[in-house]
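Working notes, structure below.
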Amino acid sequence: MSERRQRFQGLLAAEGEIDRGQRVAQICRLCVSDLAVSGAGATVLSESHNGAVSSPRRGLVHASDPVSAGLEDLQLTVGEGPCLDAFAAGGPILVSDLAADLGRWPAFGPAAAELGAAAVFSFPLQVGVVRLGSMDLYRDRPGPLTPLQLTDALILADLGTHAVIDQLDGHATTDLSWLADAHVEVHQAAGMVSVQLGATTETALLRLRGYAFTHDVTVTHAARQVVARTLRFTPDGEPA
């Protein structure tokens, strides 16, 4: 494994000095080229204040392609999927044939297949017991990772962890404002909805997700409506 790690470090170094914000993008590109996957993404997550992981705050660090970005947004919308499970379990989530296991994530599975994902693999980004997020891979055809690909994925996830730590640069994982990502708008909207409902931000995010799911839009789209004040939630009724 040390030789494989040195190989990847050499490939990263061969691209020369780059902005540290681009290191995660490099690692995602290596995932695609060396693991025979169709796309890769890396996400920072943090637990909600009550310690649950059912509604973590999230910021997308990088996605290699629109499908990867869509899969991350889908998980934020429906509140389930391999990214969240890897973060909660602290270990890899490997689903080599999504169509054969749609019941595992009743909301995420069918929608992910519609986006073009046939297999999904998620790895926690963690240092010891401290979890920062996940590295998420998908294939547009079913099939497992080979033992060597799995080894390489674990190495790349570890390298991705260090790249995310460098990119955090003093920011707590509970502070996602540093991410230039549409998901930050979701957290802004959740704060506004919590005021409208007189409820916790976790409850507000659940209402926002529910609206997005029932209206067949992404949670990001719903959040933008809230921020633009064209969508308002009431405590005891439908959104106004």
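The values are calculated or read from the model by the stated rules, or taken from the named source; none is laboratory data. Small disclaimer: the values here were computed from a predicted structure and weren't measured. Every residue, glycine as well, gets a Cβ built from its backbone with ideal geometry; the counts of neighbours run over all protein chains shown. In case anyone asks, the SASA skips ligands and DNA or RNA and just uses the protein heavy atoms, side chains included. Shrake-Rupley method; radii C 1.70, N 1.55, O 1.52, S 1.80 Å.
The accessible area of F213, taken with all protein chains in place and a 1.4 Å probe, comes to roughly 120 Å².
A 1.4 Å probe, protein heavy atoms only, puts the accessible area of S38 near 30 Å². You can think of it this way: the chain between A100 and T200 has 32.3 nm of extra reach, that is 0.36 nm per residue less the Cα-Cα gap. Accessible surface for H162 stands near 90 Å², nearest 10, in the context of the full protein assembly shown (1.4 Å probe). With a cut-off of 19 Å, note down the residues of the range 83-100 whose backbone N falls inside the zone around a label point 7 Å from the Cα of A113 toward its beta carbon. Zone members listed by number: 83, 94-100.
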